[in-house]
Amino acid sequence: MSPSAKNLIIDNGDGDEPMSNHSNNRHFDEVLNAHLSRRTALKGSLGASIAALFGGVGLAGCATTAGSAGGKLVGFEAVAIGSADTVVVPKGYKVQTFIPWGTPISGNMPAFDPMKNTGADQGNQMGSHHDGMHFFPIEGKDPYQGSSTEGLLVMNHEYVEPRYMHASAVGQKLSRDAVPALVNGKRPADECRKEINGHGVSVVHVKKGANGQWGVVNSKFNRRITGATPMAINGPVRGTDFVKTKYSTDGTRTRGTLNNCAHGVTPWNTYMMSEENWAGYFINKVGASGRTREQSRYGVRSNDSKPATSRYGWELADSGADEFARFDVSAKGADASQDYRNEANAFGWMVEVDPFNPESTPIKRTALGRFAHEGVVFAKAVEGQPVVCYSGDDANDEYIYKFVSKGVYRKAAGLANGALLDEGTLFVAKFNDDGSGVWLPLVFGQGPLTPFRFNSQADVLVNTRLAADTVGATKMDRPEWGAIDPKNGQVYFTLTNNSGRTATDKANPREKSRWGHIIRWAEAGNDPAATKFNWNIFLLAGPENDSQFAGKPLNKDQMHNSPDGLWFDNDGRLWIQTDISESSMNKGDYAQFGNNQMLCADPRTNELKRFLVGPLGQEITGVITTPDGKTMFVNVQHPGATTSADDFAAGKLTGTWPNQGRYARSATIVITKEDGGVIGT
Ligand code: FEO
Ligand code: CA
Ligand code: CA
Ligand code: CA
């Protein structure tokens, strides 16, 4: 359900002088090197800062980087591209399938049976479509330090596949997005509730057993947050007219979080859920031109949409209950306190929750902007300095943002640091063709964000995309995950692809970008709060004849397409996960890439190898290790999604991984090394 992008590198690892021929967009690293070298020579302080930022990075071309285990960071034997209905990992590694969709974790622990489970049952089971996740060590003090055998695994559930959820679906011709046929124009309310409860986040207490297998602990921490959980609205939008509804006439609360894709982890040990492709969950029953700008710029549906319902038609629930009717955002009452015309304005945010307090109310942090948040990644927190985080807006030609808090981080403040996310400056990135970049502030009253176009900072934030358009941000090829190199603070972002790209620029160099790329930058002075940066393309994904990494085409052990998930482990390995869309995978030009996969790179040595290939129909998304690096959790989302509507009706399934029950199920896999070593070595 989402789009993607790609990019280029400054330091190609050999320290050579750059090429001077800038005419070929394929050779971006060289172009970038050329620009940067010239600027270093000519441009005084900015040039000096570039040299400081990138000098030494990637110049140790032949060096290997020692990890926590003391050996090569990327030491495994690459796995081949594949298209089997199974998970393949390198020799010497093993895989446990863990907590698939429907696993009971809380309440009365209802056993999984999609033909019988109710909506309430789903609210006590693992949600579907596992995505971004984090392992919080059980001590609850630091997100990256503590136990490596017990903790809270917290994960997003991006969406659901209704045909696999309901007995009523059996025998119907249903595609992966379809819901069972309406009955008298309505949907059974409990099917809607089940789908809503299949969304959101799971907090699961997990522990490694004596036999090395991981299990779920029946624990007070276990919690489901869903598309219906009460949440607070904080930050500049709180209490404004934009978010006043029948449910919250003072505009301080809403219900649920939806389409949570990648995640974020704060320095104070809380979890951030993103709201990515939320707009389609709502419908305004007017023509497209009758929608508010808060709706139209994000793609909230209208009567001109086909079909003229929300994505899953929850507004059509036969009970007519308020919890479902709210997805119809038409103006119906005398004012906003009597209807849900503003309901969609409460979505599109980053949402913070304390996973160690099952009673805590998730908080929508509106200062971080409203868009299709893929996720959020925090720069290393420094005592007495502002908190900085980055977030991509995953849609064709959308932007990359950075938030800098007004207040400063104090470790001793603990959870109270969350308030830092309510006040600060949201910036959007402009990537110049010369390899420099600037962060443009989205502040009401500054630059073009005047009363002529906006009325308040809340207006700027609810309409973040419009504000970013107005200041002249660079349209990117679908920004997905961001990751920060723990060794030098450089920021990497995947740009997964962009079928809509017509006008190229140096940061988005391909027309109709099909394969995606990864861009990276260094902030001026290595200060995350800086307003200038220097960037290059780390790799151009694609087949051997149309790709580039460290000055060479990707080889057969490196070939991939549509990079999406991205994460640096503590040792500095960069893990890259792919999301070729279900409509393309294993077809035509895309068949050469096989099933979606995960690769591992060492940006200092420019090694890159395929580590994992997933089963049929899925994307690989979400990765984290225990603090010792010896257990890795990876998510496998939407296996079986390539089963056609006709085949579904005939009971002929393309992919049934993990072969637990009637249908394929999203699940986590736990990867360990047979010799007990660090993952990746
Ligand atoms: Fe949900 Fe942008 O991937
Ligand atoms: Ca996807
Ligand atoms: Ca994603
Ligand atoms: Ca994606």
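The values are calculated or read from the model by the stated rules, or taken from the named source; none is laboratory data. What you are looking at is a predicted structure, and each value in this text was computed from that prediction instead of being measured. Cβ placement follows ideal geometry from the backbone for every residue including glycine, while neighbour counts extend to all protein chains displayed. Side chains included, ligands, DNA and RNA excluded: accessible areas come from the protein's heavy atoms. Shrake-Rupley method; radii C 1.70, N 1.55, O 1.52, S 1.80 Å.
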Does Ala181 satisfy the criteria of being without any contact (Cβ under 8 Å) to a residue 40 or more places away in the chain, away from ligand 2 (no atom under 16 Å from the Cβ) and either open to solvent by 10 Å² or more (accessible area, probe 1.4 Å) or among the hydrophobic types (A, V, I, L, M, F, W, C) (or both)?
yes
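Residue by residue, here is whether (1) touching a residue at least 60 places away in the same chain (Cβ under 8 Å); (2) β-branched (Val, Ile, Thr); (3) within 23 Å of Ala467 (Cβ to Cβ) holds:
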| residue | (1), (2), (3) |
| --- | --- |
| Lys364 | yes, no, yes |
| Glu374 | yes, no, yes |
| Val387 | yes, yes, yes |
| Asp393 | yes, no, yes |
| Val408 | no, yes, no |
| Gly414 | yes, no, no |
Are there any pairs, at least 6 apart or on different chains, whose C-beta atoms fall under 6 Å, with the first in the range 93-114 and more than 26 Å from Ser168 (Cβ to Cβ) and the second of a type in the set (Phe, Trp, Tyr), and if so, which?
Phe98/Trp214
Among the residues listed as Asp589, Asp579, Asp569, Asp564, the single one being of a type in the set (Asp, Glu) and more than 21 Å from the chain's Cα centre (by Cα):
Asp589
Hey, among the residues in the range 210-230 that are in contact with a Gly (Cβ under 7 Å, 6 or more places away or on another chain) and either of a type in the set (D, E, K, R) or in contact (Cβ under 8 Å) with a residue 24 or more places away in the chain (or both), which one's surrounded by the most Cβ atoms within 10 Å (Cβ to Cβ)?
Ile225
Odd one out for Asp459, checked against (1) open to solvent by 10 Å² or more (accessible area, probe 1.4 Å); (2) farther than 30 Å from Asp579 by Cβ; (3) assigned to a helix (DSSP H, G or I); (4) touching a residue at least 24 places away in the same chain (Cβ under 8 Å):
(1)
In this structure, is Val634 within 16 Å of Trp214 (Cβ to Cβ), touching a Phe, Trp or Tyr at 6+ places or on another chain (Cβ under 6 Å) and of a type in the set (A, V, I, L, M)?
no
For the range 399-423, enumerate the residues that are assigned to a strand (DSSP E or B) and either among the hydroxyl-bearing types (Ser, Thr, Tyr) or open to solvent by less than 10 Å² (accessible area, probe 1.4 Å) (or both).
Ile400, Tyr401, Lys402, Phe403, Ser405
Considering the range 525-539 alone, what residues qualify as being open to solvent by 10 Å² or more (accessible area, probe 1.4 Å) and within 26 Å of the chain's Cα centre (by Cα)?
Asn526, Asp527, Pro528, Ala529, Ala530, Thr531, Lys532
Is at least one residue of the range 669-681 surrounded by fewer than 24 Cβ atoms within 10 Å (Cβ to Cβ), part of a strand (DSSP E or B) and of a type in the set (Ser, Thr, Tyr)?
yes
Enumeration of residues in the range 111-135 that are farther than 25 Å from Thr149 by Cβ, away from ligand 1 (no atom under 16 Å from the Cβ) and either within 26 Å of the chain's Cα centre (by Cα) or open to solvent by less than 10 Å² (accessible area, probe 1.4 Å) (or both):
Gly119, Gln122, Gly123, Asn124
Subset of the range 368-398, residues surrounded by fewer than 24 Cβ atoms within 10 Å (Cβ to Cβ) and either of a type in the set (A, V, I, L, M, F, W, C) or within 16 Å of ligand 2 (Cβ to nearest atom) (or both), comes to Phe378, Ala379, Ala381, Val382, Asn396
Of the numbered conditions (1) assigned to a strand (DSSP E or B); (2) more than 18 Å from Glu275 (Cα to Cα); (3) open to solvent by less than 10 Å² (accessible area, probe 1.4 Å), Leu449 fails exactly one; give the number of that condition.
(1)
Filtering the range 465-485 down to residues that are more than 16 Å from ligand 2 (Cβ to nearest atom) and under 15 Å from the mean Cα position of the chain (by Cα), which residue is farthest from Asp602 (Cα to Cα)?
Gly482
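A quick yes/no check of all residues on (1) at positive phi; (2) in contact with a Pro (Cβ under 7 Å, 6 or more places away or on another chain); (3) not small (Gly, Ala, Ser):
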| position | (1), (2), (3) |
| --- | --- |
| Leu152 | no, yes, yes |
| His157 | no, no, yes |
| Arg163 | no, no, yes |
| His166 | no, yes, yes |
| Ala169 | no, yes, no |
| Gln172 | no, yes, yes |
| Ser175 | no, no, no |
| Val183 | no, no, yes |
| Arg187 | no, no, yes |
Considering Arg465, Arg501, which residue is charged (D, E, K, R) and assigned to a loop (DSSP other than H, G, I, E, B)?
Arg501
Filter the range 389-398 for residues that are assigned to a strand (DSSP E or B), within 16 Å of ligand 3 (Cβ to nearest atom) and more than 15 Å from Ile519 (Cβ to Cβ) and give the result.
Asn396
Unique residue being among the aliphatic types (A, V, I, L, M), over 17 Å from Phe371 (Cα atoms) and either open to solvent by less than 10 Å² (accessible area, probe 1.4 Å) or more than 17 Å from the chain's Cα centre (by Cα) (or both) when the list is Ala288, Ala262:
Ala288
Within the range 636-656, restricting to residues that are part of a loop (DSSP other than H, G, I, E, B) and open to solvent by 20 Å² or more (accessible area, probe 1.4 Å), the one that is nearest to Ser202 (Cα to Cα) is Thr656
Criterion (open to solvent by less than 20 Å² (accessible area, probe 1.4 Å), touching a residue at least 12 places away in the same chain (Cβ under 8 Å) and of a type in the set (Ser, Thr, Tyr)) met by exactly one of Tyr590, Tyr663:
Tyr663
Tell me which residues, restricted to the range 551-579, are among the aliphatic types (A, V, I, L, M), under 25 Å from Ser499 (Cα atoms) and either in contact (Cβ under 8 Å) with a residue 60 or more places away in the chain or open to solvent by 20 Å² or more (accessible area, probe 1.4 Å) (or both).
Met559, Leu566, Ile576
Do you know which residues across the range 640-667 are of a type outside the set (A, V, I, L, M, F, W, C) and within 16 Å of ligand 3 (Cβ to nearest atom)?
Ser666
